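The values are calculated or read from the model by the stated rules, or taken from the named source; none is laboratory data. Here the structure is a predicted model, which is why all the values come from computation and not from measurement. Using ideal geometry, Cβ is built from the backbone for each residue, glycine included, and neighbour counts are taken over all protein chains shown.
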Amino acid sequence: MRKITTRIFIALCVSSLYSYAQKGEWEKPGGIWEYNMSKKMPGQDSISGDNLQFASSAGKEAFLVSPPSGSAMVSSTKGNPSFIRKSGSNAGLKIRGASTDGSPTKFAVSGIKDATPVMSISFTIKPDHNATKTDWYFVLGKSSPIFTDPGTILPISKTGSSPNGHIFASFRIQSNASFGDKASNNYRLQLRQQPELEEDITWTNNNTALFNKGKSHQVEIYANNGVTAQKYTLNGTEHTLPARTYHLWINSTQFGGNLPANAIRRNQPIDAFLLMSRDAVAGTDGPSNLSTLEINNVKVKYASK
């Protein structure tokens, strides 16, 4: 009986791990872009400081491993942020946010080859902090200065600035002492909304239960910037994704239903994404006031044109 019970337990564990790792498939699959960061790179594994910009592309490696197509960049402006590159079985990138307000710290990918308006992206992120205030933004869209220029900041309120027309979707996770007791272990998740051809930007769908300090979270986004509905299958279930909407999944749980696209023009290809710390952690720089985020297992799947 003990052997049978043990086998059942192991089988359940394997099944659970498989389900967690399983990624969705488009009804009409296209190209795949997968960022393999496991390669051991020459030189130092960490960099820090102001005014950094290192971009790797095919045949060119500058701190990061070369992506299969397009460009992968890390950058800073001020506030002494840092980047730590991890290779091998725990391959990924760990980012420490800046300590100065309005100082974007970015990991960005742009110019993915053969991109289409319909795509999915999956990755794992692990946020952590000792700071009393911290924020991280994820942005998905079309190549533009926000994905290639270190100093271009994501607009977060009413504005007519140029980056808006290239953003398909964005969410942020924040921790702040003003959130109360949950601030020490949880992050507030908010979604950015800005309809096509409009300037007003709002943040909606507040949630403080999905992202936790010091834990890894599997994120999957299914995006349709086309003009007709698309279908994908995830964990054995078929889902319909209307035009100009996206689905957000966190740890295999869907959040928010059919979420509206931002101000990007319809039918534009989605070939860029970034993770960014936009505003500072509160207080002064130092080991007792840190905000970090680690990303790995990045994979993009396109639907066929």
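Observations on the model:
- Figure legend. Inter-residue proximity from segment 69-94: first residues free of Cβ contacts under 8 Å to residues at least 40 places away in the same chain and farther than 14 Å from Tyr35 by Cα, second residues of a type outside the set (D, E, K, R) and part of a loop (DSSP other than H, G, I, E, B), beta-carbon distance below 6 Å, spacing 6+ or different chains. Indicated pairs: Lys78/Thr100; Lys78/Ser103.
- Just one of the listed residues (Ala131, Ala108, Ala72) is small (Gly, Ala, Ser) and over 16 Å from the mean Cα position of the chain (by Cα), namely Ala131.
- Within segment 201-227, the only residue that satisfies the criterion of being part of a strand (DSSP E or B) and on the phi > 0 side of the Ramachandran plot is Asn205.
- Against the conditions (1) closer than 14 Å to Asn296 by Cβ; (2) touching a strand residue (DSSP E or B) at 6+ places or on another chain (Cβ under 9 Å); (3) in a loop (DSSP other than H, G, I, E, B), Gln44 satisfies every one except (1).
- When Asn207, Asn212, Asn289 are screened for being in contact with a Gly (Cβ under 8 Å, 6 or more places away or on another chain), under 23 Å from Pro127 (Cβ atoms) and either among the acidic types (Asp, Glu) or modelled with pLDDT under 95 (or both), only Asn289 passes.
- Checked against the criterion of being surrounded by fewer than 21 Cβ atoms within 10 Å (Cβ to Cβ) and farther than 28 Å from Gly92 by Cβ, the candidates Ala209, Ala229 yield just one match: Ala229.
- Of the candidates Ser157, Ser170, Ser216, Ser178, the single residue that is among the polar types (S, T, N, Q) and free of Cβ contacts under 8 Å to residues at least 40 places away in the same chain is Ser178.
- Test: Val74 is within 25 Å of Pro29 (Cα to Cα), among the aliphatic types (A, V, I, L, M) and either modelled with pLDDT under 95 or not in a loop (DSSP other than H, G, I, E, B) (or both): no
- A single entry from Asp114, Asp135, Asp101 fulfils the requirement of being touching a strand residue (DSSP E or B) at 6+ places or on another chain (Cβ under 6 Å), surrounded by fewer than 17 Cβ atoms within 10 Å (Cβ to Cβ) and not small (Gly, Ala, Ser): Asp114.
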